[in-house]
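The values are calculated or read from the model by the stated rules, or taken from the named source; none is laboratory data. All figures in this text were calculated on a predicted structure; none of them were measured in a lab. Glycine also receives a Cβ, built like all others from the backbone with ideal geometry; neighbour counts cover every protein chain displayed.
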Amino acid sequence: METPLYIYNYTQNQLKMMFKQWDLPAYTSKQVFSWIYQKQVMDFNQMTNLAQKTQSFLKEKFTFNCAELHAKQISEDGTVKYLWKIPSSLSDTSSEVIESVLIPMGYKKKAISRYTACVSTQAGCKIKCKFCATGIPRFAQNLSTAEIIMQILEMQRDSQIHFSNVVVMGMGEPLDNYEATYQAMKILNDTDGINLGRKRITISSSGLLEPLKRFIHDDWPTSLAISLHSANTVIRNSLIPIARTNSLEQLKKIIRKYTFVRRLPVTFEYILLKNINDQIQDAEQLAEYCRDLLCKINLIRYNPVPSLPFESSDETQIQKFKAVLKSKGLPVFIRERKGLDISAACGQLGLKKLIPNSPTTALPSIT
Ligand code: SF4
């Protein structure tokens, strides 16, 4: 018997081509796609507009299961962290897990009004930024398209929440797992799929130049965020090892092309590390780097990781840093800290590997 294929690995076009080879009607891929992603059905027998023999045929070819919920933690601020065991590690006692986070974003009358889903693309990360927990253990593996998509579908199923946005800012460098992430983004964007527009999906990259060129050429259906963290070459090189061969100047050229071609701003992410990149001259250098770019800047408070020597900047310093950027006319925001008490905040994923199942309480209400 053939090994079944993970259905979440395929875009609608790919399914169409496969179905054509199997002499199934051309419209079957659209029907299947809409059952899977819009009605969240995981059983071909429930796809009632498919012929019975098509249902049986597809049941033999495909499987839906591709991850197991290992644990779930809920923060006092409403953030939810999910830990998944992925198929390649299901029988592996070394306990390779990946994490995804459901982040409450907007509030109306004190109730949460929308959520963003943050997903991972790798188990571990080869970039090894000095301030990030994900880069500490050995790199384990790239995730498949199905494993990326599964995080979104399973979080949606578990929480019964329809996300307004997806950010690819979890474990891993998405452009270092290029093909699988690209396919997942196409499924997210497909109007018969999860149907999220380009502005509602954000890919975050540490600034790998060659994949970024491909990203522009392939017209990814997403927005782009760059983890900058310093506009000073020496400081950036010390925080992000790949910056030594992916220079700020070259990065700027590529970003300029992206903003010109897509007519969208790039978002710069800047983690403020006490006495390292949070001084007034650092803000001025950042402002100079951004001066002629279509961009916005997200300032992020550092979230502590045991064993790493960094500290978050003081609040007064954060406000001074922001004021410098604002005075230069740059759009600048301070990202709210979310999920710190369950190690789900920015830079903390992968910190806890296997934890016992924590009690799952009801999610806060949504207006
Ligand atoms: S910040 Fe992102 S790119 Fe850097 S080590 Fe962490 S997950 Fe990897």
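Some notes on this structure:
- Candidate set from segment 157-179 (those that are charged (D, E, K, R) and modelled with pLDDT under 95); member that is farthest from the ligand (Cβ to nearest atom): ARG157
- Filtering segment 241-250 for residues that are among the small types (Gly, Ala, Ser), within 16 Å of the ligand (Cβ to nearest atom) and crowded, with 16+ Cβ neighbours inside 10 Å leaves a non-empty set.
- THR202 being more than 16 Å from the ligand (Cβ to nearest atom), modelled with pLDDT of 95 or more and within 22 Å of CYS295 (Cα to Cα): no
- The sole residue among GLN183, GLN250 that is part of a helix (DSSP H, G or I) and either within 19 Å of the chain's Cα centre (by Cα) or without any contact (Cβ under 8 Å) to a residue 24 or more places away in the chain (or both) is GLN183.
- Whichever residue in segment 115-143 is among the hydroxyl-bearing types (Ser, Thr, Tyr) and buried (at least 22 other Cβ atoms within 10 Å of the Cβ) and, among such residues, is farthest from the ligand (Cβ to nearest atom): TYR115
- Residue that is farthest from TYR178 (Cα to Cα) [pool: residues in segment 111-144 that are in a loop (DSSP other than H, G, I, E, B) and in contact with an Asp or Glu (Cβ under 7 Å, 6 or more places away or on another chain)]: ALA140
- Within segment 20-64, if we keep just the residues that are among the polar types (S, T, N, Q) and in contact (Cβ under 8 Å) with a residue 40 or more places away in the chain, the residue that is surrounded by the fewest Cβ atoms within 10 Å (Cβ to Cβ) turns out to be GLN40.
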